[in-house]
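Worksheet for the structure shown next.
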Amino acid sequence: MPQSRSSKVGAILLFVASLAGLGVALYAYFAPLTGVTGSIGALVVILACIALAVMALMLAAAKGRGALIALRILILVGLVGTCFAGLLLHQWWIGVAMAVGLLGLILDMVRHTSNANRFVYS
């Protein structure tokens, strides 16, 4: 059964949050007087946000239960690590974006579980 459009809302929210974090990290890396201009920490957050965006797209396309579980665990570790790195860089908006991404991950898990239960119990 194909996944319905409403069940991909969490993955879309996660993708948008990772792009927002990427935007903030790019600003912090390139803008002068941010305190982290050109630092390796900001570059790591940029790469982590790109990885989260790619994993969010993979989450929207994943079909197998094992693939979903593995992606969700990797995304959770990525969100927590990127949030921590953003807070160490004093870029609070990266932390906010990762919190929104966590909300998207939770929404993806809840919607996917409710869709699976609907087909099992009917």
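Please treat every number below as a calculation from the coordinates, not as lab data. The shown structure was predicted, so the numbers you read here are calculated from the model rather than taken from an experiment. All Cβ positions, even for glycine, are placed from backbone atoms using ideal geometry, and neighbour counts span all protein chains on display.
Okay, here's what the table says:
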read-out	value
Cα-centre dipole for the chain with unit charges at Cβ (Lys and Arg positive, Asp and Glu negative), debye to 20	480
Nearest 10 degrees, 0 to 90: helix 40-61 Cα axis against the chain principal axis	20
Residue 84-residue 110 FRET efficiency (beta carbon distance; Förster radius 30 Å; 0.05 resolution)	0.75
The chain: relative contact order in percent, alpha carbon pairs under 8 Å with at least 6 residues between	38
Highest-fluctuation residue, 69, 46, 94 considered, GNM on the chain with Cα pairs under 10 Å	69
